[in-house]
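J.: Take this structure, written in C-alpha cells, and hold onto it; I'll ask about it next.
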Amino acid sequence: MYILAIESSCDETSLAIVENGKNVIKQVTNTQIEVFKNHGGVIPELASRMHADNIFYVYEELFKDIDITIENIDLIAVTQGPGLMGSLLVGINFAKTLAIEYNIDIVGVNHVHAHIYATNIDDNMKFPHLSLVVSGGHTQLIYMKEHLDFEVIGTTLDDAVGECYDKIGRILGVSYPGGVEIDKLAQQGKDTYDLPYPKNDTSLDFSFSGIKSAAFNLNNTLSMKGEIVDKENFSCSFQNRVMTVLIKKFNLAKDKYKPQQMSIVGGVSANSRLRELKRDTVLIPNLKYTSDNGAMIGVLGYYKYKRDGGCNPMDLDVNLKID
Ligand code: KG4
Ligand code: ZN
C-alpha cells in the first residue's frame with residue numbers, strides 16, 4: 001500500500017510517500033525556519049500563507065524522479081491536529097482536494113501520536129511501549145498497551161519543554177529555534193548558574209514556567225549589575241536542570257509501567273543529552289524524523305486505516321483535540 005502523507009501543522013510543509021507504514025520511499029520538506037529566525041519565533045498567519053504558497057511545489061518535487069504517480073497512491077494521510085489552525089487548514093484542504101479528484105481514501109491523524117510512530121520507520125514498535133514526547137508544543141509521557149492505544153500518564157502543566165528552550169534562547173539572544181543553539185552552547189559550557197530543577201518531584205507531570213521565569217530574572221539581575229551572561233555556562237546550567245528532570249521522570253514511568261520498549265520522540269529528541277539514552281530498548285528516531293515530518297504521518301495513517309478504514313473527505317476537518 002502506498003500512502004501519500006501530508007504534514008503542515010506548524011512551520012514545516014512536509015510530504016512523504018510511505019509504503020505499508022514502514023518504508024519511506026521519499027520525503028520532501030520545506031522548512032520556514034529561516035524566515036522565522038528574523039522574527040524570533042513562528043508567526044501563525046505568516047506560516048499558513050507560506051504553506052499555501054509552497055505546498056504544491058513540495059508535492060511536485062515529491063513525485064519527481066520516482067516511478068510512483070498520484071494514480072498509484074492507495075491512501076492519503078494528513079495531520080488533523082493539534083497545531084496552528086491556519087497551517088493545518090492548508091494541508092487538510094490540499095489532501096481533501098487530491099482525495100476527491102483522484103478518488104483516494106483519506107485518513108486524518110494526530111500529530112503528537114505520529115511523532116511516536118516515527119520510531120517504526122527504522123525499528124519495529126513493540127508493546128507495552130512507553131514514549132516521552134518532547135517537542136515545541138508538547139511534553140508528554142504516553143503509555144501504549146498496543147497499537148493506537150494512547151494513554152497520557154504525564155504531561156506538562158504549563159509550557160512545553162521545546163517552547164521553554166526557545167524562550168530561553170530569546171533571552172540569550174541566540175537564533176530561533178533556541179533548542180538547537182542552546183544544546184550546542186551547553187556542550188561547550190559548565191554548570192555554574194543557580195537555576196531551579198523544574199517540578200522535581202515524584203509525579204509524572206512536568207512544569208517549565210518556573211525555570212523560564214527564574215532564567216529570565218537571573219539574566220535581568222546580572223545585566224543590571226553590568227555582568228555579562230556567559231551563554232555557554234548559562235545554557236549548560238539550564239540544560240542540566242531540564243534534562244535531569246525529564247530523564248528522572250522517564251525512568252520513574254519505566255519503573256511503574258514496566259514497558260517492553262521505550263522511545264523518545266519529537267523535536268527535542270534531537271538533544272544531545274537525550275540521544276545518549278538510545279539503546280536497543282530505547283528508540284530515538286533518525287534526525288530527519290525527529291522534527292515535524294511527513295513520513296511519521298504516513299506511518300500512523302497506515303495503522304489507523306488498517307483498524308478503522310478511511311473517512312469521507314468532505315467530513316475531514318481540523319481537529320485540535322483529535323484522539
Ligand atoms: O517536533 P518539533 O519539530 O515541532 C513541534 O511539534 O513542536 O519540535 C520543535 C522543537 C523546538 O522547540 C526546538 O527548539 C526543539 O524542538 N529542538 C531542540 C533541539 N532541536 C530542536 N531542543 C533541545 N535540543 C535540541 N537539540
Ligand atoms: Zn511536532
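The values are calculated or read from the model by the stated rules, or taken from the named source; none is laboratory data. Bear in mind that the values here come from a model prediction, so they are computed numbers and not experimental data. Methodologically, a virtual Cβ is constructed for each residue, glycine included, from the backbone with ideal geometry; neighbour enumeration extends over all protein chains shown. Side chains are part of the model used for accessible areas, which takes the heavy atoms of the whole protein and leaves out ligands, DNA and RNA. Shrake-Rupley method; radii C 1.70, N 1.55, O 1.52, S 1.80 Å.
J.: Select from the stretch 74-87 the residues that are closer than 17 Å to Met314 by Cβ and within 16 Å of ligand 1 (Cβ to nearest atom) and write down the one among them that is surrounded by the most Cβ atoms within 10 Å (Cβ to Cβ).
T.: Top of the filtered list is Val78.
J.: Please go through the stretch 34-60 and pick out each residue that is within 14 Å of ligand 1 (Cβ to nearest atom) and open to solvent by less than 40 Å² (accessible area, probe 1.4 Å).
T.: First, the residues of the stretch 34-60 that are within 14 Å of ligand 1 (Cβ to nearest atom): 36-37, 40-42, 44, 47.
Answer for the stretch 34-60, where residues must be within 14 Å of ligand 1 (Cβ to nearest atom) and open to solvent by less than 40 Å² (accessible area, probe 1.4 Å): Phe36, Gly40, Gly41, Ala47.
J.: Okay, next question. At least 1 residues that are crowded, with 22+ Cβ neighbours inside 10 Å and polar (S, T, N, Q) in each: list the helices (runs of 4 or more DSSP H) lying fully within the stretch 176-275 that qualify.
T.: Values: elements: 178-188, 209-224, 231-257, 272-275.
Helices (runs of 4 or more DSSP H) meeting the threshold: 231-257.
J.: If you don't mind, there's one more thing I want to ask. Among the residues of the stretch 299-316 satisfying the criterion of being assigned to a helix (DSSP H, G or I) and among the aliphatic types (A, V, I, L, M), which is modelled with the lowest pLDDT? Spell out how you get there, then give the answer.
T.: Going through the stretch 299-316, the residues assigned to a helix (DSSP H, G or I) turn out to be 299-308, 313-315.
Those still in the list that are among the aliphatic types (A, V, I, L, M) too: 299-300, 314.
Values: Val299: 98, Leu300: 98, Met314: 91.
Restricting to residues being assigned to a helix (DSSP H, G or I) and among the aliphatic types (A, V, I, L, M), the top hit is Met314.
J.: Shifting gears a bit: Checking Asn103 against (1) open to solvent by less than 60 Å² (accessible area, probe 1.4 Å); (2) on the phi > 0 side of the Ramachandran plot; (3) of a type outside the set (A, V, I, L, M, F, W, C): exactly one of these is not met. Which one?
T.: (1)
J.: Determine, yes or no, whether Gly83 is closer than 30 Å to Tyr143 by Cβ, outside any helix (DSSP H, G or I), within 16 Å of ligand 2 (Cβ to nearest atom) and not polar (S, T, N, Q).
T.: Details: closer than 30 Å to Tyr143 by Cβ: yes; outside any helix (DSSP H, G or I): yes; within 16 Å of ligand 2 (Cβ to nearest atom): yes; not polar (S, T, N, Q): yes.
Yes.
J.: Go through the stretch 100-112 residue by residue and tally those that are more than 18 Å from the chain's Cα centre (by Cα) and either within 16 Å of ligand 2 (Cβ to nearest atom) or part of a helix (DSSP H, G or I) (or both).
T.: Step one: of the stretch 100-112, the residues more than 18 Å from the chain's Cα centre (by Cα) are 100-107.
With the extra rule that they be either within 16 Å of ligand 2 (Cβ to nearest atom) or part of a helix (DSSP H, G or I) (or both), the set shrinks to 100-102.
Qualifying residue count for the region: 3.
J.: Related question: Inside the stretch 12-33, can you point out the residues that are open to solvent by 10 Å² or more (accessible area, probe 1.4 Å) and within 15 Å of Ser87 (Cα to Cα)? Walk me through it before giving the result.
T.: Step one: of the stretch 12-33, the residues open to solvent by 10 Å² or more (accessible area, probe 1.4 Å) are 12, 19-20, 22-31, 33.
The answer is Glu12, Thr29, Asn30, Thr31, Ile33.
J.: Being surrounded by fewer than 23 Cβ atoms within 10 Å (Cβ to Cβ) and within 16 Å of the chain's Cα centre (by Cα) is true for just one of Thr156, Thr97, Thr139. Which residue is that? Spell out the reasoning first.
T.: Numbers: Thr97 fails: within 16 Å of the chain's Cα centre (by Cα); Thr139 fails: surrounded by fewer than 23 Cβ atoms within 10 Å (Cβ to Cβ).
None of the others qualify; the one that does is Thr156.
J.: Restricting the search to the stretch 287-310, which residues are under 24 Å from Ile55 (Cα atoms), in contact (Cβ under 8 Å) with a residue 40 or more places away in the chain and loosely packed, with under 15 Cβ neighbours inside 10 Å?
T.: The one that is under 24 Å from Ile55 (Cα atoms), in contact (Cβ under 8 Å) with a residue 40 or more places away in the chain and loosely packed, with under 15 Cβ neighbours inside 10 Å: Lys288.
J.: Same structure again: Looking only at the stretch 24-52, how many residues end up being closer than 27 Å to Val299 by Cβ and over 20 Å from the mean Cα position of the chain (by Cα)?
T.: Result for the stretch 24-52: 2.
J.: Which of the residues spanning the stretch 65-93 are in contact (Cβ under 8 Å) with a residue 12 or more places away in the chain and under 12 Å from Ser48 (Cβ atoms)? Please lay out each step first, then the result.
T.: Applying the first criterion (in contact (Cβ under 8 Å) with a residue 12 or more places away in the chain) to the stretch 65-93 yields 66, 68, 70-92.
The answer is Gly83, Leu84, Met85, Gly86, Ser87, Leu88, Leu89, Val90, Gly91, Ile92.
J.: Out of all the residues in the stretch 41-70, which are in a loop (DSSP other than H, G, I, E, B) and among the β-branched types (Val, Ile, Thr)? So that I can check it myself, show each step before the final result.
T.: Initial filter on the stretch 41-70 (in a loop (DSSP other than H, G, I, E, B)): 41-43, 64-69.
Those that are in a loop (DSSP other than H, G, I, E, B) and among the β-branched types (Val, Ile, Thr): Val42, Ile43, Ile66, Ile68, Thr69.
J.: Of all residues in the stretch 63-92, how many are under 18 Å from Glu12 (Cβ atoms) and out of contact with any helix residue (DSSP H, G or I) (no Cβ under 9 Å at 6 or more places or on another chain)?
T.: Count: 1.
J.: While we're looking at this one, here's another question. Could you tell me whether any residue of the stretch 213-235 is away from ligand 2 (no atom under 16 Å from the Cβ), at pLDDT 95 or above and in contact with an Asp or Glu (Cβ under 6 Å, 6 or more places away or on another chain)?
T.: no
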